[in-house]
Structure formats: C-alpha cells, structure tokens
Amino acid sequence: MDPSMQASAQQQLQQLQSQLGGQEITQENVAKLEQQKRQAEEMKVQMLTQICTPEALQRLQTVKLVKPTVYSTVEMEILNAAKNGRLGGKIGEEVVKGMLERAGLSTVTKVKFQRKRDPFDSDDDNDDDLM
C-alpha cells in the first residue's frame with residue numbers, strides 16, 4: 001500500500017475512533033454514525049427550505065456544486081441567524097447574494113499582462129521619423 005494512502009487510512013481510523021468516543025469500531029457503530037450524519041444533513045436541508053425562497057435555494061445549490069466551502073459557510077450563517085431569531089421572514093435571493101459576496105464568492109480576479117519590450121522599440125507609435 002502507498003505510504004500516503006496508508007496515512008490517509010490511519011487518519012480516517014483515528015477520526016472514527018474519536019467520533020465513537022473510545023468505543024470499538026464495528027460496522028454497527030459506523031452505520032450509526034453515517035445514519036446520524038444523514039439525519040443531520042436532512043435536518044439542515046429541511047430548515048433551509050423553510051427559511052429560504054426557492055430562488056435562494058437554487059442559488060445555494062449552484063454554489064454548493066462549484067464551491068462547497070463557501071456553501072457551508074453561508075449555510076451555517078443562515079442557520080445560526082435562524083436559531084438566534086435574527087431573521088424577519090424568508091431569505092430571498094438578494095440576501096443570499098450578499099452573504100455569498102461576504103463569504104468570498106464574488107471576488108473578481110483581475111489578470112494583468114505585461115509584455116516585455118524590445119529595448120530598441122520606442123514608446124511612441126509615430127514611425128515617421130524612420131523614413
């Protein structure tokens with residue numbers, strides 16, 4: 001087995017042990033953990049459908065495909081706002097856009113090209129002096 005794969009497998013094993021709280025790793029325990037993760041994810045989705053408009057949900061799902069880390073940041077922000085009672089109704093697409101901008105999705109990257117100049121090329125474009 002490749003050393004990097006072995007290290008990855010060891011890390012996953014340690015993560016499972018920490019999640020089980022020292023219990024023995026069995027298929028039953030692993031299945032319970034996976035079931036709990038699925039239930040937590042379903043609960044998040046259900047809460048988001050109650051909190052957001054369909055357009056906002058569509059935008060979030062699109063972002064989830066492209067940048068999962070940004071999605072999870074915005075998702076947690078929305079869920080925390082709902083838990084703390086800071087929402088005054090359903091969240092629309094414009095609010096989600098603002099959250100995404102704050103989370104870093106809409107950062108525009110500019111690329112600037114610098115070409116090397118020939119040392120004999122003058123900066124002016126007037127070539128009349130050459131005739």
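Structure notes:
- Whether the range 40-111 is rounded, prolate or oblate, judged on the alpha carbon gyration tensor where a/c under 1.5 counts as rounded: prolate
- For I91, nonlocal amide neighbours, meaning residues 5 or more places apart or on other chains whose placed amide H falls under 5 Å from its own, are C52, T53.
- Cross-link pairs exceeding 19 Å between alpha carbons, from the set K32/K64; K64/K97; K64/K110; K44/K90: K32/K64; K64/K110.
- The range 40-89: trypsin sites (Lys or Arg not before Pro) falling in loop per DSSP and having at most 12 other Cβ within 10 Å: R86
Rule-based calculations on the coordinates, nothing more; no lab input. Fair warning: this is a prediction, and the values are worked out from it, not measured in the lab. Note that each Cβ is placed from the backbone with ideal geometry, even for glycine, and that neighbours are counted across all protein chains shown.
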